[in-house]
Amino acid sequence: MIHTIRFRLTVLYSGLLFVLAALVLGGIYVAVSKSTEQRPYTTEYAKAYSGDQYLGRREVVFVQEVENAVNVKTLATLRDYSLVTLVGLYLASLGIGWVLAGRVLRPVRSITRTTEEIQATDLTRRIKLDGPRDELKDLADTIDTMLDRLEEAFSAQRQLIDDASHELRSPLTIIRANVDAVLSAPDASDEERTRAVAIVDRATTRMTRLVEDLLASARRQGTAFADADLDLARVAAEACEEHATPAAARHVRITRDLGAGLEMTGDSDALRRAVANLLSNAVRLSPPGGTIRVAAGRADGWLWVAVRDDGPGLGEADQQRVFDRFWRGEASRRDRHTGLGLAIVRQIVESHGGRVAVYSQLG
């Protein structure tokens, strides 16, 4: 118990009160002592007469000496009572300080009790401390805010694991089924073996793409960005150049309208990947003979990049989910894409303090 904050606060409070009281009483005692003439009480005698008749020797007492004697006794009484008062005050202050320290530290015990009850598997508990807006209230609110962020992060992590497990289950099932079929049929023809190998190759390619996208998504959630000065127009132009060949293979044309002076600070590789993911979707969804328009500029203090294509478009409900992890439209499901590309775009943009949006309509 002597190592608790409550005990230390009690001792500190009582000690300070004792020292202050001792200084006050000591000052009073010294002041009274200085103002009092402390001379020894003397006894003198004088001859007493009544007329001409001698009455003998009588004891004579001076009034000033009586006053001095009274003052000396008063000082002694003051000293004794001061010592008794100091001892009583110190003992009383220990009890009062213990109670007051307990009341002051009661919110701390509430915070400790709640945090001890919180487990990694259940982050729904909150402290929700009531009372005045003081330092302890700020501490409790800060812990609640931290728990909100932790709960959100753990929920996102669990969702990512669940989604990744679901997405990986399908290609793994395909691989196992085809391998088992080939191994259990030693008389399988070369054509059947070739077809099984092709299916396994597509499944492993899909798994590889999924793992790469998951790693990219995890990196984007971190803060390890290589921030440097860059030209956003140049980043967009490089992404366009990278997709020129895939676009030409699908007979899709890419046009650019990139403004000048679009300097900013950020991770050029991450931003290039964001634009590349947008272009990859646009190339994949654009019909043969279509056109993809890439533009960049500055408006109201913001830098922006836009990618427009001639794809089938999205309904209003799908637009709300297009940047969610593992969400895939009809075309993406047919092509067996991971559904992480646009989620990575959102993470990259938001990590640079930006916003991402989609404007589309069916047809």
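The values are calculated or read from the model by the stated rules, or taken from the named source; none is laboratory data. Everything numeric in this text was worked out from a predicted model, so none of it was measured. As a convention, Cβ positions derive from the backbone with ideal geometry for all residues, glycine included, and neighbour counts pool all protein chains shown.
In the set Leu314, Leu230, Leu278, Leu303, only one residue is surrounded by 15 or more Cβ atoms within 10 Å (Cβ to Cβ), assigned to a loop (DSSP other than H, G, I, E, B) and among the aliphatic types (A, V, I, L, M); that residue is Leu314. Taken together, Leu258, Leu215, Leu279 contain a single residue that is of a type in the set (A, V, I, L, M), modelled with pLDDT under 85 and either closer than 21 Å to Val349 by Cα or more than 39 Å from the chain's Cα centre (by Cα) (or both), which is Leu215.
Collect the residues in the stretch 236-280 that are under 21 Å from Glu212 (Cβ atoms) and in contact (Cβ under 8 Å) with a residue 60 or more places away in the chain, keeping them in residue-number order. If the condition is that a residue be under 21 Å from Glu212 (Cβ atoms) and in contact (Cβ under 8 Å) with a residue 60 or more places away in the chain, then Asp267, Ala270, Leu271, Arg273, Ala274, Asn277, Leu278, Ser280 are the ones that fit. Of all residues in the stretch 186-210, those that are in a helix (DSSP H, G or I), more than 30 Å from Gly341 (Cβ to Cβ) and not basic (Lys, Arg) total 4. For the stretch 75-90, a tally of residues being β-branched (Val, Ile, Thr), farther than 19 Å from Ser35 by Cα and without any contact (Cβ under 8 Å) to a residue 40 or more places away in the chain returns 2. You will find that of Leu78, Leu86, the residue that is within 25 Å of Phe7 (Cβ to Cβ) and either assigned by TED's automatic domain parsing to the domain that holds Leu12 or modelled with pLDDT of 85 or more (or both) is Leu86 and no other. Within the stretch 227-283, the residues that satisfy the criterion of being farther than 23 Å from Gly301 by Cβ and hydroxyl-bearing (Ser, Thr, Tyr) are Thr245, Thr255, Ser280. Kindly establish whether Glu192 is modelled with pLDDT of 80 or more, out of contact with any helix residue (DSSP H, G or I) (no Cβ under 6 Å at 6 or more places or on another chain) and either under 27 Å from Arg209 (Cα atoms) or not basic (Lys, Arg) (or both). It is false that Glu192 is modelled with pLDDT of 80 or more, out of contact with any helix residue (DSSP H, G or I) (no Cβ under 6 Å at 6 or more places or on another chain) and either under 27 Å from Arg209 (Cα atoms) or not basic (Lys, Arg) (or both).
For (1) in a helix (DSSP H, G or I); (2) of a type outside the set (A, V, I, L, M); (3) under 34 Å from the mean Cα position of the chain (by Cα), each residue gets a yes or a no:
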residue: Val70; (1), (2), (3): yes, no, no
residue: Leu75; (1), (2), (3): yes, no, no
residue: Arg79; (1), (2), (3): yes, yes, no
residue: Gly95; (1), (2), (3): yes, yes, no
residue: Leu100; (1), (2), (3): yes, no, yes
residue: Arg103; (1), (2), (3): yes, yes, yes
residue: Ser110; (1), (2), (3): yes, yes, yes
residue: Arg113; (1), (2), (3): yes, yes, yes
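When Ala228, Ala306, Ala224, Ala244 are checked against the criterion of being modelled with pLDDT of 90 or more, out of contact with any Cys (no Cβ under 9 Å at 6 or more places or on another chain) and among the aliphatic types (A, V, I, L, M), a single residue qualifies: Ala306.
A residue that is in a helix (DSSP H, G or I), at pLDDT below 80, touching a Leu at 6+ places or on another chain (Cβ under 7 Å) and among the small types (Gly, Ala, Ser) can be found somewhere in the stretch 162-185.
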